[in-house]
Amino acid sequence: MLTTLVAGMLVWAAPSSALQAYWQGPIPGPDFCTNLSLGGPRTYAFDSDGDGIADICSLRDTRRATVARQNALETLATLNPEEFRAAVLEECEDEDFLEIKFGDDAADLEKDVCTTQRVSPPPLPVDPATAATFFSGVIDGPHFCTNRSLGGARTYPFDRPPGDGVADTCSLPYTRREAVARQNALEAAFAEHPQFKTTLAFECAALGTLDFGDDPEDLAVDACNPPPDPSDFGEPLPTSSS
């Protein structure tokens, strides 16, 4: 149930034997894992070896439920663009947030949402038909990185310098600061939205029985099992932002 976050990119989870820990040692404070999430799904400190010291950042749910939850948040943001825009800009107005150093270049910060106030819409949901496939090698198509974002901030193919013309890594499309602001905005505006549970039910159903590498015992108790019944929540899912 662990996913590793490296250098601002969400690394698609391979079998547990192949996981690489980002942090080797004690987690020094309550916001350590949150800050390392860099716009992806929120992670939490976890004591992987039971020695009383948190040593890795972990998802709070299965990979499957993480994808469904992120898709639900982004669906609501798409249906409520003005609410999403306002929430992003509110994050950017927080002086404490702006003081955090995410490792972005100054030139890039001048072009991100907190400087320009131009809020692009959320991406389309992760494609459930291919999202569960782990791949190690050459990026083989335009949707490869999108499908391997595991419900987090959308990533795109990137040819690392000096560049050989072949994309070889999945990268955030904007600064780390913007990625975090956007994810914080999704959580603030839509995690407790009246239609969140309804939307989550639809996203869980869309993923179906796809295997994301989760343990069966974890799947039995995750947010998608049993899938929430939309009839339990009353408010229908709107079809547009109007």
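No value in this document is a laboratory result; all are computed from the given coordinates. Nothing here was measured: the structure is a model prediction, and the numbers come from that model. So basically every Cβ, Gly included, is an ideal-geometry build from the backbone, and we count neighbours across all protein chains shown.
Between residue 56 and 46, 48, the built amide H atoms are under 5 Å apart, and every one of these is 5 or more places off in sequence or on another chain.
Cβ-to-Cβ counts within 10 Å put 60, 176, 85 in ascending order as 60, 85, 176, the fewest first.
Can you pull the Rg over Rh of the range 45-122, Cα-only, Kirkwood?
The Rg/Rh ratio comes out at 1.09.
Residue order for 111, 101, fewest other beta carbons within 10 angstrom first, comes to 101, 111. Suppose R0 equals 22 Å; then what is the FRET efficiency for residue 108 and residue 168 from their Cβ-Cβ distance, rounded to the nearest 0.05? Efficiency computed from Cβ-Cβ geometry: 0.60.
Each of 221, 119, 67 was scored by other Cβ atoms within 10 Å of its Cβ. Listed from fewest to most, they are 221, 119, 67.
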